[in-house]
Structure formats: C-alpha cells, structure tokens
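Novice: This is the structure I want to talk about, given as structure tokens.
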Amino acid sequence: MGTVKVLTTGEAAKYCGVNFRTVIRWIERGKLKAYKLPGRGDHRIQVEDFVTFLQSNAMPVPDELGAQRRSVLVIEDQPEMASAIRRVLIRQGFEVQVAHDGFSAGTLLAGMKPGLVTLDLKMPGMDGYEVLRFIRSHEEHAQTRVLVISAETSAGLERAVALGASDILPKPFENEELLNRVEALFETA
C-alpha cells in the first residue's frame with residue numbers, strides 16, 4: 001500500500017483553513033490523534049488519522065488525501081451478497097459501507113467519498129446504470145473507481161463499461177477474484 005504519509009501541524013492547518021495553533025489545540029484536547037517527534041516535540045499526524053478526524057467533524061477530505069484511504073462503498077440490493085462482499089473486503093483491511101439501493105448510495109457516496117464503489121446493476125428503483133451515470137456526471141465523484149459486480153448479460157456489462165465502469169466482475173465470482181480486481185483498481189489510482 002506504500003508508505004504511510006504524515007503531516008505536520010502546519011500542513012494539517014492549511015488543509016483545514018485554520019492556524020497551526022488550532023491544530024495543536026485539537027491534538028492537546030485529544031480530538032486529533034498525533035505523535036511527537038523524539039527530542040523535538042513537534043507533532044506529526046498520520047494521514048489516516050487526519051482523514052478520520054475530518055470525516056468525524058463533517059469537514060471535506062482533500063482529494064489527494066482521500067485517495068490514500070482504502071474505502072469501499074458496496075451498492076448491492078441483495079443482503080446476503082452485500083454481506084459476503086463486505087466480509088471479504090473487511091478481512092483484507094478495507095473500510096466498507098453498504099448501500100442497499102441507489103438512493104442511499106447517493107447519500108453515502110457524498111459523505112464517505114470512497115476510493116472504490118462495487119455496483120450491482122439490477123436493483124429496484126434507481127438501478128446500477130443510473131447510479132453509474134450519477135457518479136460519472138458529478139465532478140467530485142468522477143474519479144471514483146467503479147467495479148460492476150453483476151449477473152447481467154454480456155451486453156448489459158458492456159453497457160456499464162460504456163457508461164464509465166472501471167472494471168466488471170460477473171456473478172457468481174470467487175472471493176480471490178474479487179480481491180484481485182479491487183486491489184488492481186486501487187493500484188491504478
């Protein structure tokens with residue numbers, strides 16, 4: 001996954017649009033997780049901790065920091081399939097949330113800003129094609145990688161690729177294949 005990037009209090013302050021002393025106060029009050037450099041006393045903040053802090057305080061996550069998060073939004077209307085995908089990804093260390101329909105997916109997409117979305121095409125109401133169109137038509141989500149996981153026909157899967165799917169995984173699939181596709185998409189970030 002590469003090296004864990006760290007931020008200085010000044011860099012964190014710049015991202016938040018505040019004075020670095022405000023960041024130090026957040027650290028001292030236990031709101032923002034950080035560590036001190038031996039001998040110098042300067043604080044360093046791991047990017048993952050900073051992203052968690054931003055999310056828990058409803059602050060926007062800068063794109064260059066969000067890309068480092070291994071977060072996946074699973075959009076799947078069948079609870080058993082959603083649970084299976086979630087379980088496989090969590091075991092691999094991914095942060096996973098599940099949306100059981102296209103409408104709740106839109107809400108989670110905005111709040112979570114996932115690095116990757118797994119998307120079923122056949123869903124009641126707003127189907128996967130509409131979700132894919134929504135993702136690709138909104139600038140803040142346009143770079144989000146989308147792995148379509150569906151039992152759709154090959155023509156349906158080709159349609160998903162034409163609409164902007166990053167990759168497709170036909171159902172049924174092996175867990176190993178799911179992990180390989182997800183890892184490959186994160187590496188192309």
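Novice: Hand me the list of helices (runs of 4 or more DSSP H) wholly inside the range 42-108 holding 3 or more residues that are over 25 Å from residue 31 (Cβ atoms) and either touching a residue at least 24 places away in the same chain (Cβ under 8 Å) or over 15 Å from the mean Cα position of the chain (by Cα) (or both).
Specialist: Result: 79-91.
Novice: If I ask for residues that are hydroxyl-bearing (Ser, Thr, Tyr) and outside any helix (DSSP H, G or I), which ones from the range 154-166 would you list?
Specialist: 166
Novice: Related question: Looking at 89, 109, 147, can you tell me which residue is in contact with a helix residue (DSSP H, G or I) (Cβ under 8 Å, 6 or more places away or on another chain), modelled with pLDDT of 95 or more and under 29 Å from residue 47 (Cβ atoms)?
Specialist: 147
Novice: Could I ask something else about it? Does residue 141 count as closer than 19 Å to residue 182 by Cα, under 17 Å from the mean Cα position of the chain (by Cα) and surrounded by fewer than 21 Cβ atoms within 10 Å (Cβ to Cβ)?
Specialist: The answer is yes for residue 141.
Novice: Let me ask you something else. Pick from 148, 182: which is hydrophobic (A, V, I, L, M, F, W, C) and in a strand (DSSP E or B)?
Specialist: The match here is 148.
Novice: Another one. Restricting attention to the range 1-60, and to residues there that are of a type in the set (Lys, Arg) and farther than 28 Å from residue 114 by Cβ, which single residue is modelled with the lowest pLDDT?
Specialist: 40
Novice: Let me ask something additional. So which of 32, 54, 37 ends up being closer than 21 Å to residue 109 by Cβ and aliphatic (A, V, I, L, M)?
Specialist: 54
Novice: Tell me whether the range 113-133 contains one or more residues that are in a helix (DSSP H, G or I), surrounded by fewer than 21 Cβ atoms within 10 Å (Cβ to Cβ) and among the hydrophobic types (A, V, I, L, M, F, W, C).
Specialist: Taking every residue of the range 113-133 in turn, none turns out to be in a helix (DSSP H, G or I), surrounded by fewer than 21 Cβ atoms within 10 Å (Cβ to Cβ) and among the hydrophobic types (A, V, I, L, M, F, W, C).
Novice: So, in the range 167-179, of the ones that are among the hydrophobic types (A, V, I, L, M, F, W, C) and part of a helix (DSSP H, G or I), which residue ends up surrounded by the most Cβ atoms within 10 Å (Cβ to Cβ)?
Specialist: The extreme case among them is 178.
The values are calculated or read from the model by the stated rules, or taken from the named source; none is laboratory data. It should be emphasised that the depicted structure is a prediction, and the values quoted were computed from it without experimental measurement. Note: ideal-geometry Cβ built from the backbone for every residue, glycine included; neighbour counts use all protein chains shown.
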